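Data block below; observations after.
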Amino acid sequence: METQPTAARSGAAFAPRAGVALALWSLLALSLLPHALDALGQGFYIGFASRVLVYALAASSLNLVIGNAGMLSFGHAAFLGTGAYCAALLWTGGTTSAWILWPAAMCVAALAALVIGAISLRTRGVYFIMITLAFAQMLYYVVVSLKVWGGDDGINLGARPRLGLAPGFALDLADEFNWYYLCLGILALALWLSGRLAASRFGRVIAAQRENEIRAEAIGFPVYRYKLILFVIAGAAAGLAGALLAAQNGFVSPKLMHWTQSGSLMVMVILGGVGHRYAGVLGAGLLLGLEEILSAYTLHWAFWVGLTLLGVVLFAPRGIAGLFSREAAGR
Amino acid sequence: MTGILIIEQTLNGLQFGLMLFLLAAGLTLVFGIMDMINLAHGSLYMLGAYLMASLAAATGSFLLGLVLAVLATGAIGAVLEFMLLRRLYERDHLSQVLATFALILIANESVRMLWGPQQMMLNAPAALAGPVELLPGMPYPAYRLAVIAVGLVVAAALYLLVTRTRMGMRVRAGASNREMAQAMGVDIRRLFTVVFAIGAMLCAVAGAMLGPLLAVQIGMGEEILILAFVVIVIGGIGSIRGALVGALLVGMADTAGRAFLPILFRAFLPPEYASGIGPGLASIMIYLIMAGVLFWKPQGLFPARG
């Protein structure tokens, strides 16, 4: 997107040290959340909170592509679904260890991202949006049409995988507390890694090509290869999110790959504030939280979610993170 | 026997392709002139179908219902453009995606509130309910022929509007270079409200005519919207002629794939696999065509921009 200034610079809006402190405080608050919910007698919401964390991982991986690299991928659900289906198929094949299921899901999703990215990244702008959408829809129809993979109905898993930590000891993932902390740990690790990635030489080249691709190429960076690598990393992370989602829900269905799922992930990123390091987390929390709260009051919650999103577009064009960013106030 | 099947499926493909064209024509102009990604275009199609189902039942006349539904959807489109969408033209694609995705949610929920969650029944008019014998031994539903006829008439009218009128000239100027057209004195903003309303009316025609053939239900717009996007990308964004060619290509490919691929697969696969894979592959084929076009001719088959 050569002409579109993204909001990514706001990632630097916090001074580094303040950013670390804020991150650690947020992590502490999130660690205490399940206990607080439990104490309030709202233990039911721990599962919901875990779901938010998993979607936050998926949306954060998309934020790498959209925010850091400026590539508007409209097919990210393909990788979410690939990961979920890979884990589900291995599970029905008799594999129960998370140490095999999840890395396998990441590898297969990364492979899908490599193939899709290698072709799609040759196009620009709206054509990139459309071709990523096309590939995601292809995978969606593959899954829908394969009756052996459950077709429209998807696959039921029944239980969560086994996560062995030491010989003879496995973390009980059926326990909602354990599951929550696992998801939180994975998300925190992923965010830390993506922060490191953005600050690395690799990340700076990615940012440079976002601002001016031709110039970055002229300087001599192999821009295409860098973008492809980033796309594959994001695909792998989305694949992990898919595998986690499969384990969390106990089932997978083609809906995971439908274009509206790609749309929701994109909405989360935009809602959070494109390019802000925590856009995925903020957006996932906000969108899913909004759905959850509104659905308690009205059958027609989607109507109000839609109105809220419209309000964000019109009145907070840089997303929620943009509202708090100092730079936004200065402009 | 196979000859009849082929003619029948060709007609079905033509019929589906023409309806896709009606959807894609509005979308391609919105996309081409204003560089605006409008995901809510499918919602106008859904609204058109629902309005048609209600108005046809209320007036007791298919034709009257059609006219009223088309006018009403056109009015909704104009209001939507005037109130909301024109604020988005200058914004980036991300904002447009977010806003129009929000519109999908709002439209679907509004329909659920007003009409309820069930499917709507919309019957073909009684005069067209039966089959006609096109060739000896080849009956074909009269209503589908009517859909083809309506599609052809509307496509021809649109062609004349775009190529033979002053307004069409301005639209083409806008699609090929918006800034230049503005500099030459075309009031793109006002023109565009009209274009958007016409696009909405075309959506309503497609929704109303397809209503008796497909289900009138919530979410019907989301499936066909993506097909319409595929059509305009294949044809070239902003090109009406491209939209027509793309729509016929996609309509034919989809229909033929659905009809013939299962037969083909039955030859060497067990039937339980063949019945599922056939239609799936037909859908995949469309996206393959689009990916191929994007890869080899990134501007589409008929690039609109000079």
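The values are calculated or read from the model by the stated rules, or taken from the named source; none is laboratory data. Bear in mind the structure is a predicted one, so any value in this text is a computation, not a measurement. Please note: Cβ atoms are built from the backbone with ideal geometry, for glycine as well, and neighbour counts cover all protein chains shown. Areas reflect the complete protein model, heavy atoms only, side chains present, ligands, DNA and RNA absent. Shrake-Rupley method; radii C 1.70, N 1.55, O 1.52, S 1.80 Å.
Can you report the number of residues in region B:210-231 which are within 14 Å of chain A (Cβ to nearest Cβ) and open to solvent by 30 Å² or more (accessible area, probe 1.4 Å)? I'd like the intermediate steps shown before the answer.
Restricting attention to region B:210-231, the residues satisfying the condition of being within 14 Å of chain A (Cβ to nearest Cβ) are B:218-231.
In the following step, the residues that additionally are open to solvent by 30 Å² or more (accessible area, probe 1.4 Å) were identified as B:218, B:223.
Result for region B:210-231: 2.
Here are A:ALA247, A:ALA316, A:ALA284: which of them is closer than 18 Å to B:ALA102 by Cβ and either away from chain B (no Cβ under 14 Å) or basic (Lys, Arg) (or both)? Steps first, please.
Details: A:ALA247 fails: closer than 18 Å to B:ALA102 by Cβ; A:ALA316 fails: either away from chain B (no Cβ under 14 Å) or basic (Lys, Arg) (or both).
Answer to the check: A:ALA284.
Quick check on A:GLY239: is it touching a Ser or Thr at 6+ places or on another chain (Cβ under 7 Å), in contact (Cβ under 8 Å) with a residue 60 or more places away in the chain and either more than 10 Å from chain B (Cβ to nearest Cβ) or within 21 Å of B:LEU88 (Cα to Cα) (or both)?
Numbers: touching a Ser or Thr at 6+ places or on another chain (Cβ under 7 Å): yes; in contact (Cβ under 8 Å) with a residue 60 or more places away in the chain: yes; either more than 10 Å from chain B (Cβ to nearest Cβ) or within 21 Å of B:LEU88 (Cα to Cα) (or both): yes.
The answer is yes for A:GLY239.
Of the residues B:LEU66, B:LEU27, B:LEU20, which is under 23 Å from B:LEU161 (Cβ atoms), within 14 Å of chain A (Cβ to nearest Cβ), open to solvent by less than 30 Å² (accessible area, probe 1.4 Å) and aliphatic (A, V, I, L, M)?
Numbers: B:LEU66 fails: within 14 Å of chain A (Cβ to nearest Cβ); B:LEU20 fails: within 14 Å of chain A (Cβ to nearest Cβ).
None of the others qualify; the one that does is B:LEU27.
Spot the failing condition for B:ASN123; the list is (1) under 23 Å from the mean Cα position of the chain (by Cα); (2) in a helix (DSSP H, G or I); (3) away from chain A (no Cβ under 14 Å), and only one is missed.
Condition (2) is where B:ASN123 drops out.
Collect the residues in region A:204-249 that are open to solvent by 20 Å² or more (accessible area, probe 1.4 Å) and within 14 Å of the chain's Cα centre (by Cα), keeping them in residue-number order. Explain how you work it out, then say what you get.
Going through region A:204-249, the residues open to solvent by 20 Å² or more (accessible area, probe 1.4 Å) turn out to be A:204, A:207-208, A:210-215, A:217-222, A:224-226, A:228-229, A:232-233, A:237, A:240, A:248-249.
Listed by number, the residues that qualify are A:VAL232, A:ILE233, A:ALA237, A:LEU240.
Working only within region B:93-119, note down all residues that are crowded, with 20+ Cβ neighbours inside 10 Å and either among the charged types (D, E, K, R) or not in a helix (DSSP H, G or I) (or both).
The answer is B:GLU109, and nothing else.
List the number of the failed condition for A:TYR180; all other conditions in (1) at positive phi; (2) touching a residue at least 40 places away in the same chain (Cβ under 8 Å) hold.
Status for A:TYR180: all satisfied but (1).
With respect to B:MET290, is the statement that it is within 10 Å of chain A (Cβ to nearest Cβ), modelled with pLDDT of 80 or more and open to solvent by 50 Å² or more (accessible area, probe 1.4 Å) true? Step through it out loud before you land on a result.
On the way: within 10 Å of chain A (Cβ to nearest Cβ): yes; modelled with pLDDT of 80 or more: yes; open to solvent by 50 Å² or more (accessible area, probe 1.4 Å): no.
When the stated conditions are applied, B:MET290 does not pass them.
Of the numbered conditions (1) in contact (Cβ under 8 Å) with a residue 60 or more places away in the chain; (2) open to solvent by less than 30 Å² (accessible area, probe 1.4 Å); (3) out of contact with any Phe, Trp or Tyr (no Cβ under 6 Å at 6 or more places or on another chain), B:GLU8 fails exactly one; give the number of that condition.
With (1) in contact (Cβ under 8 Å) with a residue 60 or more places away in the chain; (2) open to solvent by less than 30 Å² (accessible area, probe 1.4 Å); (3) out of contact with any Phe, Trp or Tyr (no Cβ under 6 Å at 6 or more places or on another chain) applied to B:GLU8, the lone miss is (2).
Does A:ALA296 qualify as being of a type outside the set (Asp, Glu) and either touching a Gly at 6+ places or on another chain (Cβ under 6 Å) or more than 8 Å from chain B (Cβ to nearest Cβ) (or both)?
Yes: the conditions hold for A:ALA296.
Right, A:LEU114: open to solvent by 20 Å² or more (accessible area, probe 1.4 Å), more than 10 Å from chain B (Cβ to nearest Cβ), in a helix (DSSP H, G or I) and closer than 28 Å to B:VAL233 by Cα or not? Write out each step before concluding.
Values: open to solvent by 20 Å² or more (accessible area, probe 1.4 Å): yes; more than 10 Å from chain B (Cβ to nearest Cβ): yes; in a helix (DSSP H, G or I): yes; closer than 28 Å to B:VAL233 by Cα: yes.
When the stated conditions are applied, A:LEU114 passes them.
So is B:LEU20 farther than 24 Å from B:GLN118 by Cα and under 16 Å from the mean Cα position of the chain (by Cα) or not? Steps first, answer last, please.
Details: farther than 24 Å from B:GLN118 by Cα: yes; under 16 Å from the mean Cα position of the chain (by Cα): yes.
So B:LEU20 passes the test.
Select from region B:82-109 the residues that are more than 9 Å from every other protein chain (Cβ to nearest Cβ) and touching a residue at least 24 places away in the same chain (Cβ under 8 Å) and write down the one among them that is nearest to B:VAL194 (Cα to Cα). Even if it seems obvious, please write down each step before you answer.
Let us first name the residues in region B:82-109 that are more than 9 Å from every other protein chain (Cβ to nearest Cβ), namely B:82-83, B:85-86, B:89-90, B:100.
Next, only the ones that are touching a residue at least 24 places away in the same chain (Cβ under 8 Å) stay: B:82, B:85-86, B:89, B:100.
On the way: B:PHE82: 10, B:LEU85: 13, B:ARG86: 12, B:TYR89: 15, B:THR100: 19 Å.
It comes out as B:PHE82.
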